[in-house]
1. Please list, ordered by chain and number, the residues whose modelled amide H lies under 5 Å from the amide H of Thr36; skip anything fewer than 5 residues away on the same chain.
2. With angles folded into 0 to 90 degrees, how steeply does helix 75-85 sit against the dominant principal axis of the chain? Use alpha carbons for both and round to 10.
3. So if I take the alpha carbon set of the stretch 62-148, get Rg, then get Rh from the Kirkwood formula, what is the Rg over Rh ratio?
4. Kirkwood hydrodynamic radius (Cα pairs, Å) of the stretch 31-111?
5. Assign one of three labels to the chain, namely rounded, prolate or oblate, based on the Cα gyration tensor with a ≥ b ≥ c the square roots of its eigenvalues; rounded applies when a/c is under 1.5, prolate when it is not and a/b is larger than b/c, and oblate otherwise.
6. Ranked by Cβ crowding within 10 angstrom, fewest neighbours first, how are Val80, Val8 ordered?
7. Over the chain, what relative contact order in percent results from Cα pairs under 8 Å that are six or more residues apart?
8. From the mean inverse distance of alpha carbon pairs (Kirkwood) and the Cα radius of gyration, derive Rg over Rh for the stretch 29-71.
Amino acid sequence: METVGFSVCLVEPGKPARHVGTGHHQAALAGSLPLTKPVAAQSIRARAADLLPRLEGVTDPADILAALRSAGIGGPDAQVFATALGSVTSAAEIVAVDDENNLLDGAVGVFCSPRGDVVSVPSTAADGGEWITLAPATPRRIALACDDLAQRRRAVR
């Protein structure tokens, strides 16, 4: 059975991107991130094609909220996520790699903010559509998101 490992790259304003962790144990990866507290909201979900283009290059909370609403996400949780994402102080990308160090499809994003930390989790629906879930970032949720990346790879094989 193929082993899947993970690699973490951290980006902070005014600093070059840096590699902060590698490993096969998802639970240990969160320790390499500057997590503060999970965002105080329920998870929200949207089709990637509806959400990601609208978020491209957007940093203002009002614009982020407009992007979330345009993708069909409303209510108070959308406001909480927009405020947190609009005040990000660091962002990390966690990718999966195979035994030969080949990059696998998908990535988990972790956004750290004084307004709460957010994890972005990709998934594929039964109809083949790609979805993005934004959820409160806890070490456990990040580990589960990484496990989802590994499981997606196994499902494709």
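Just so you know, all these numbers are worked out from the coordinates, no wet-lab data involved. All of these numbers come straight from a predicted model, not from anything done at the bench. Glycine also receives a Cβ, built like all others from the backbone with ideal geometry; neighbour counts cover every protein chain displayed.
1. Ser113, Asp117
2. 70 degrees
3. Here the Rg-to-Rh quotient is 1.00.
4. 14.1 Å
5. Here the chain falls in the oblate category.
6. Ordered by Cβ neighbours within 10 Å, fewest first: Val80, Val8.
7. Reported as a whole number, the value is 28 percent.
8. So for the stretch 29-71, dividing Rg by the Kirkwood Rh gives 1.05.
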